[in-house]
Amino acid sequence: QVQLVESGGGLVQAGGSLRLSCAASGRTFIYGMGWVRQAPGEERELVADIRWANNSTYYADAVKGRFTISGDNAKNTVYLQMNSLKPEDTAVYYCAAASEPYYRRDVYDYWGQGTQVTVSS
């Protein structure tokens, strides 16, 4: 079993920055981690993902150039640096982890509890 603990959400003005952190604990080997967000009334959206095997990353078009995912493979810790935030980035952000080596990027096995990010205009 894997537990994910997120931190770093909050309220920020448009144009500001926030950094989310997520630490995974447990005996299961993790092959990659990602951040998924869900705004009220909307479906969940994969924001960014990183695979530990080669540090390859994925970004949703809506956040390219503004968000950066990074992490520490040995510690199973992932970060999401969010710059130039917009009101439409407001959502609950979930950290997620995959325990399969060739996982589909939006299909994860473990989820965090979520952290609220609110961007005011």
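The numbers here are math on the coordinates, done by the rules we state, and not lab data. Here the structure is a predicted model, which means the values were calculated and not measured. Cβ: placed from backbone, ideal geometry, glycine included. Neighbour counts: every protein chain shown.
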Shape metrics for the chain, restricted to C-alpha atoms - Rg then Dmax, Å: 13.4, 43
HN-Hα J couplings of the range 106-119 from phi, Karplus 6.51/-1.76/1.60, θ = phi - 60°, integer Hz, Gly and Pro as x? 9, 10, 10, 9, 9, 9, x, 7, x, 9, 7, 10, 10, 10
Restricting things to alpha carbons, tell me how big the range 21-90 is in terms of Rg and Dmax, in Å. 12.8, 38
Counting only backbone N atoms under 18 Å from a point 7 Å out along Cα-to-Cβ of E45, the residues of the range 68-105 in range are 68-69, 80-96, 105
The range 94-112 scanned against label point 7 Å out from S25 along Cα→C-beta; backbone N under 19 Å for 95-98, 110-112
With viscosity set to 1.567 mPa s and temperature to 4 °C, compute the Stokes-Einstein D of the range 1-51, Rh being the Kirkwood radius across alpha carbon pairs; µm²/s, no decimals. 99
